[in-house]
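Asker: Have a look at the structure that comes next, please.
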């Protein structure tokens, strides 16, 4: 039955497959079938041009579909999932978001370590020895430790 349908549709069978895959993406979203559907539409475009060509057998079409599926998927994922596109650059990097802020020492910095209170957290800081109440500026972050200098 499927073979008869492909024979009757001719080069349009790739267009039907592509549109079915795009519709399946809308039903079960995961943003993966889009790329495979676009590859099927690409083979469909070539099929419209090359259908009567003796070299355009089903094996060549399937091979091209497989190659296009992989290529379009890799290219599409690279375009969509760029890591530099974010409105929250310090998401899950809370200490890095504190660089440049100022605070008052809650505990003196002695032997290079002390504590400050920023927002709702008490942070361990490293820097030159300073007394309690000194205003400090966060100049760097290293995991949970912040490096400060007198403000």
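The values are calculated or read from the model by the stated rules, or taken from the named source; none is laboratory data. Note that the coordinates shown come from a computational prediction; the quantities given were computed from them, not determined experimentally. Ideal geometry is used to build each Cβ from the backbone, glycine not excepted, and the neighbour counts take in all protein chains shown.
Asker: Can you go through 23, 71, 40, 66 and tell me which one is assigned to a helix (DSSP H, G or I) and either touching a helix residue (DSSP H, G or I) at 6+ places or on another chain (Cβ under 7 Å) or buried (at least 17 other Cβ atoms within 10 Å of the Cβ) (or both)? Spell out how you get there, then give the answer.
Answerer: Numbers: 23 fails: either touching a helix residue (DSSP H, G or I) at 6+ places or on another chain (Cβ under 7 Å) or buried (at least 17 other Cβ atoms within 10 Å of the Cβ) (or both); 71 fails: either touching a helix residue (DSSP H, G or I) at 6+ places or on another chain (Cβ under 7 Å) or buried (at least 17 other Cβ atoms within 10 Å of the Cβ) (or both); 66 fails: either touching a helix residue (DSSP H, G or I) at 6+ places or on another chain (Cβ under 7 Å) or buried (at least 17 other Cβ atoms within 10 Å of the Cβ) (or both).
Exactly one residue qualifies, and that residue is 40.
Asker: Another question about this same structure. Just the residues that are assigned to a helix (DSSP H, G or I) and surrounded by 14 or more Cβ atoms within 10 Å (Cβ to Cβ), please, taken from the range 46-63. Step through it out loud before you land on a result.
Answerer: Quick first cut of the range 46-63, residues assigned to a helix (DSSP H, G or I) only: 46-50, 58-63.
46, 47, 50, 60, 61 - these are the residues of the range 46-63 that are assigned to a helix (DSSP H, G or I) and surrounded by 14 or more Cβ atoms within 10 Å (Cβ to Cβ).
Asker: Which of the strands (runs of 3 or more DSSP E) found entirely inside the range 74-134 contain at least 1 residues meeting this: in contact with a helix residue (DSSP H, G or I) (Cβ under 8 Å, 6 or more places away or on another chain) and under 24 Å from residue 150 (Cα atoms)? Reasoning before the result, please.
Answerer: Working: elements: 102-110, 113-118, 121-126.
The qualifying strands (runs of 3 or more DSSP E) are 113-118, 121-126.
Asker: For the range 67-81, state whether one or more residues are in the same structural domain as residue 10 (by TED's automatic domain parsing) and farther than 18 Å from residue 31 by Cα.
Answerer: Within the range 67-81, one or more residues are in the same structural domain as residue 10 (by TED's automatic domain parsing) and farther than 18 Å from residue 31 by Cα.
Asker: Is it the case that residue 115 is surrounded by 12 or more Cβ atoms within 10 Å (Cβ to Cβ), more than 31 Å from the chain's Cα centre (by Cα) and not assigned by TED's automatic domain parsing to the domain that holds residue 21? Even if it seems obvious, please write down each step before you answer.
Answerer: Working: surrounded by 12 or more Cβ atoms within 10 Å (Cβ to Cβ): yes; more than 31 Å from the chain's Cα centre (by Cα): yes; not assigned by TED's automatic domain parsing to the domain that holds residue 21: yes.
Criteria met by residue 115.
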